[in-house]
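Beneath this line is the structure, given in structure tokens, with notes to follow.
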Amino acid sequence: MNTTAIKPILIVEDSAEDFTALGRAFRKHALQNPVLRCEDGEQALEYLRGHGRKVGWPQVLPAIILLDLNMPGLDGRDVLAAIKQDEHLQAIPVVIFTTSANAKDISSCYQLGANSYLTKPIGYAELEEKVRLIVHYWLEASELPA
């Protein structure tokens with residue numbers, strides 16, 4: 001495992017049920033990284049721009065961000081654009097993790113700088129497999145910025 005072992009994984013997800021399932025799938029794969037949740041886009045940008053400034057927030061930026069697209073308020077596209085336009089955040093890999101398989105959504109996310117686009121599976125076994133692939137690729141195989 002590379003040096004990202006201590007960096008958190010940030011999940012930006014408005015659905016508590018989806019976050020719970022993701023957390024369970026990450027734990028099944030013995031992930032050592034803390035898994036954090038921001039419930040909406042505003043909270044995600046507040047966290048990312050102010051990491052370490054609030055009690056309980058980690059002192060380091062996340063190794064990767066899993067970002068839902070369709071959230072109330074500031075949606076995932078807006079969050080993605082803000083991250084990729086911020087010189088302090090733009091190197092963090094952003095994986096879009098959403099229910100939409102719409103070609104326009106996929107294209108626009110890559111144009112905005114998404115590093116990957118995955119659709120959320122319906123079944124839990126398929127979710128575990130996607131999480132296994134995320135962990136293997138992004139946290140074990142890839143060389144991420146310090």
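Numbers for the structure displayed
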quantity: Distance between modelled label sites at L74 and T99, nm, 7 Å Cα→Cβ extension; calculated: 2.4 nm
quantity: Answer label, with P(r) over Cα pairs in 5 Å bins from 0, in percent calculated from the coordinates and candidates (i) 2, 10, 18, 19, 16, 11, 8, 6, 5, 3, 1, 0; (ii) 2, 6, 11, 12, 9, 6, 4, 3, 3, 5, 6, 8, 10, 8, 5, 1, 0; (iii) 2, 10, 21, 24, 23, 15, 5, 1, 0; calculated: (iii)
quantity: Size of the stretch 47-97 as Cα extents on the principal axes (Å, biggest first); calculated: 28, 23, 17
quantity: From phi via Karplus (6.51, -1.76, 1.60), per-residue ³J(HN,Hα) for the stretch 59-72 in Hz, x at Gly/Pro; calculated: 7, 10, 6, x, 5, 8, 10, 9, 10, 6, 8, 9, 10, x
quantity: Distance from the stretch 1-62 to the stretch 110-146 (C-alpha centre basis), Å; calculated: 14 Å
quantity: Nonlocal amide H pairs with S116, under 5 Å, H built at 1.01 Å; calculated: V94, I96
quantity: Across K7/K28; K7/K130; K28/K120; K28/K104; K7/K84; K84/K104, pairs whose alpha-carbon gap is larger than 23 Å; calculated: K28/K104
quantity: Segment K28-A91, length gained on full extension (0.36 nm per residue, minus Cα span); calculated: 19.9 nm
quantity: Value of relative contact order over the chain, rounded to a whole percent, pairs C-alpha under 8 Å and six or more apart; calculated: 28 percent
quantity: Protection-proxy order for peptides 11-21, 107-117, each taking the mean of Cβ atoms within 10 Å per residue, highest first; calculated: 11-21, 107-117
quantity: Dipole in debye (nearest 20) - the stretch 3-141, about Cα centre, beta carbon charges: Lys, Arg +1; Asp, Glu -1; calculated: 440 debye
quantity: Cβ-Cβ FRET estimate between V60 and S15, R0 fixed at 25 Å, reported to 0.05; calculated: 0.45
quantity: Kirkwood hydrodynamic radius over Cα pairs of the stretch 70-110, then Stokes diffusion coefficient at 4 °C and 1.567 mPa s, in µm²/s; calculated: 118 µm²/s
quantity: Label-to-label distance, nm, for residues given as A81 and L133 (7 Å Cα→Cβ offset); calculated: 2.9 nm
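Where a number appears in this text, it was derived from the coordinates with a stated rule and is not lab data. Just so we're clear, the structure is a prediction, and the values are computed from it rather than from any experiment. In this analysis, Cβ positions are derived from the backbone assuming ideal geometry, glycine residues included, and neighbour counts consider all displayed protein chains.
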